[in-house]
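Worksheet: one structure, shown below.
Bear in mind these aren't lab numbers, they're just calculated from the coordinates by the rules spelled out. Treat the numbers as computed from the prediction; the structure is a model and nothing was measured. Backbone-built Cβ (ideal geometry, glycine too); neighbour counts: all protein chains shown.
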Amino acid sequence: MSTTLSITFENDFANTMEGFYVPWKAAKAEKPEIVVFNEELCKQLGLDETALNSDEGAQFFSGNVVVEGSKPIAQVYAGHQFGGFSPQLGDGRALLLGEVIDVDGARKDVQLKGSGRTPFSRNGDGKAAIAPVLREYLMGEAMHALGIPTTRALAAVTTGEKIIREGFQRGGVLTRVASSHLRVGTFQYFAARQDHEKLKQLADYAIQRHYPELANEDEKYLLFLKEVQERQASLVAKWVSVGFVHGVMNTDNMTISGETIDYGPCAFMDAYDPKTVFSSIDDHGRYAYGNQPVIAQWNLARFAETLIPLINPKDSDAAIKSATDILNGYLEIYQLAWLNEMREKLGLTERNEGDIEMVNHLHTIIEGKAIDYTLLFKNMAGFARGEETALLEMFEDKAEIEKWLEGWLGQIHASNRAVEQTANAMDCVNPVYIPRNHLVEDALQEASDNENYKPFNILLDLVKSPFEEKHGFEDYKKPAPKGSAPYVTYCGT
Ligand code: AMP
Ligand code: MG
């Protein structure tokens, strides 16, 4: 099928990284239709919105047509999945179409996800159901709006065919935009094969693309590890600060760029509990909310292992020592990143030594008490303004929190910022609207079962401006109704 669509694709990865992918073609989609289109991202990419949000666009987003200049490929990678190493994963249902240079000059991968089998599909069908496609769309947009580095969705299409999941479901394809799709698992693939030449090529490519300032450094591979560690620590600190649970932090789902990727069984925590797990397959809570920081460190250790032959090709003991020194710094970097996120949420401008205790104490007070994590911070800004009821009503036993609030307010008043200003600043970082589980579920079900996209679009609209309270949408900021069944998410994308 030919097309009149024109997109200026570059194929930097495909052209320079032979051996890291296979050229491939999407499966044919029967009757593709665009169900959501991201105008804002389209503009950011400098693409023609009218041309793309069309029937021809649907053909493009389903993989039925390849525009001139795009060289679709499936990338290879490996990865630790729930702690066990799989030497051969790769894009089993995704195709990288190429890169687009956005209006700020940034290189962005454009990838189809759900576009059919590839040589890396193993036993999978290469397809995606529309509900998980929409979940990824929604979550990515919500995270982006919250200021959290993430891949984003440009479009979601239905393919017009039914695919087999639990029963039949409508098939879909997500068009995903990312700074790159390089993963810890990409490095692991070549490290496992002891292909040091390819490892070096990959590391140099990743450095050039994401950390160009390191390219001429003497110890660039060591510094590369350090920088990836910093970005990941900062990323996970942001996840934790908003109550996000990724759900499947396998090493193939950890990017080198520091963006959140592969929204599968992810969800936002309702009440604060470090043990929170949503994923139906995470039996032992490996990827529980509170485990995410240490899992990121575990993944970074796997990443570090792949770099050993590059860090010091002649002396692996020395390389291991230098890499270990860096990894040992993780906890401190993470804790500071997290503390700074919490300081912002709590409106603390001055950095006092006692902050960490104060923040930890707050977590101890709320743990296991069914107190909505998102609303808590929202209501705290109100409390600072003197509207005390909403916050206090969240607590059955008020004595402990009142004492804590006294200390906190004391600090707010002692700072040189006016209280009203502090409360306003808190409102700019503490969301009113997040993709709450019961709302997500309802929106996805309506879209998937009844082709009714209205609830999805309302929710998408709200989470795209998460800090802006909208009149008439009060229900969207409320927690799930009391007595709701525990929320369970599935990998079955
Ligand atoms: P994920 O859990 O989505 O990160 O995927 C892990 C691996 O399984 C990746 O290599 C995917 O490409 C592959 N995979 C997941 N779902 C499918 C599917 N339906 N068909 C083929 N491969 C898949
Ligand atoms: Mg993945």
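Between the DSSP loop rule and a limit of at most 15 other Cβ atoms within 10 Å, which GluC sites (Glu not before Pro) in region 318-412 are left? Filter output for region 318-412: Glu350, Glu353, Glu367, Glu387, Glu388, Glu393, Glu396.
Electrostatic tally near Ser448: other residues with Cβ closer than 15 Å to its Cβ, Lys and Arg +1, Asp and Glu -1, net -3.
If the limit is 30 Å between Cα atoms, which of Lys226/Lys314; Lys31/Lys482; Lys43/Lys71; Lys198/Lys464 go over it?
Numbers: Lys226/Lys314 21 Å; Lys31/Lys482 42 Å; Lys43/Lys71 23 Å; Lys198/Lys464 40 Å.
The pairs that break the limit, which is 30 Å between Cα atoms, are Lys31/Lys482; Lys198/Lys464.
Ordered by the number of other Cβ atoms lying within 10 Å of each residue's own Cβ, fewest first, Thr306, Thr389 fall into the sequence Thr389, Thr306. With a ≥ b ≥ c taken as the square roots of the eigenvalues of the C-alpha gyration tensor of region 1-65, please select rounded if a/c is under 1.5 and otherwise prolate if a/b is larger than b/c or oblate if it is not? It comes out oblate by the Cα gyration axes.
In loop segments of region 64-145 as defined by DSSP, the chymotrypsin sites (Phe, Trp or Tyr not before Pro) with at most 16 further C-beta atoms inside 10 Å of their C-beta are Phe82. Within straight-line reach of Lys403, meaning a Cα separation under 16 Å, sit the following aspartates and glutamates at least 8 residues removed in sequence or on another chain: Asp355, Glu357, Glu388, Glu393.
Taking R0 as 25 Å, what FRET efficiency do you get between Lys31 and Glu68 from their Cβ-Cβ distance, rounded to the nearest 0.05? My answer for the efficiency is 0.55. Using the Cβ-Cβ distance between Tyr490 and Thr4 with R0 set to 41 Å, the FRET efficiency from 1/(1 + (r/R0)^6) comes to roughly 0.55. Mean residue ellipticity, 222 nm, helices only, the chain: the sum of -39500 (n - 2.57) across DSSP H runs of n ≥ 4, divided by residue count and rounded to 500, is -13500 deg cm²/dmol. Could you let me know the centre-to-centre spacing of region 7-44 and region 93-122, using Cα atoms, in angstrom? That distance is 4 Å.
I need the shape label for the chain. Rule: rounded when a/c is under 1.5, else prolate if a/b > b/c, else oblate, with a, b, c from the alpha carbon gyration tensor. Because a/c hits 1.5 or more and a/b fails to exceed b/c, the chain counts as oblate. Mind jotting down the distance between the C-alpha centroids of region 446-493 and region 216-260, whole Å? For region 216-260 versus region 446-493, the Cα centre distance is 28 Å. Put a dot 7 Å past the Cα of Val103, heading toward its Cβ, do the same for Asn216, and the two dots end up 3.3 nm apart.
In terms of its C-alpha gyration tensor, region 12-178 comes out rounded, because the ratio a/c of the largest to the smallest axis stays below 1.5. Which trypsin sites (Lys or Arg not before Pro) from region 271-344 combine a DSSP loop assignment with at most 14 other Cβ atoms within 10 Å? Those satisfying the criteria are Lys275, Lys314.
Exposure proxy shown here: for Asp461, Asp282, the number of other Cβ atoms within 10 Å sets the order, fewest to most, as Asp461, Asp282. Look at the alpha carbon pairs under 8 Å that are at least 6 residues apart: their mean separation over the length of the chain gives a relative contact order of 14 percent.
Given a Förster distance of 22 angstrom, what is the FRET efficiency for Glu402 paired with Asn352, based on the Cβ-Cβ distance and rounded to 0.05? List each step's numbers first, then the result.
Details: r = 21 Å, r/R0 = 0.94.
For Glu402 and Asn352, the calculated efficiency is 0.60.
Each peptide in 200-211, 478-489, 40-51, 89-100 receives the mean, over its residues, of other Cβ atoms within 10 Å, and ordering these scores from highest gives 89-100, 200-211, 40-51, 478-489.
Of the residues Ser257, Ser316, Ser2, the one with the fewest other Cβ atoms within 10 Å heads the list, and the complete ranking is Ser2, Ser316, Ser257.
Using the structure shown, select from Lys238/Lys321; Lys369/Lys398; Lys25/Lys127; Lys108/Lys454 the pairs with a Cα to Cα distance greater than 18 angstrom.
Working: Lys238/Lys321 29 Å; Lys369/Lys398 12 Å; Lys25/Lys127 13 Å; Lys108/Lys454 30 Å.
From Lys238/Lys321; Lys369/Lys398; Lys25/Lys127; Lys108/Lys454, over 18 Å: Lys238/Lys321; Lys108/Lys454.
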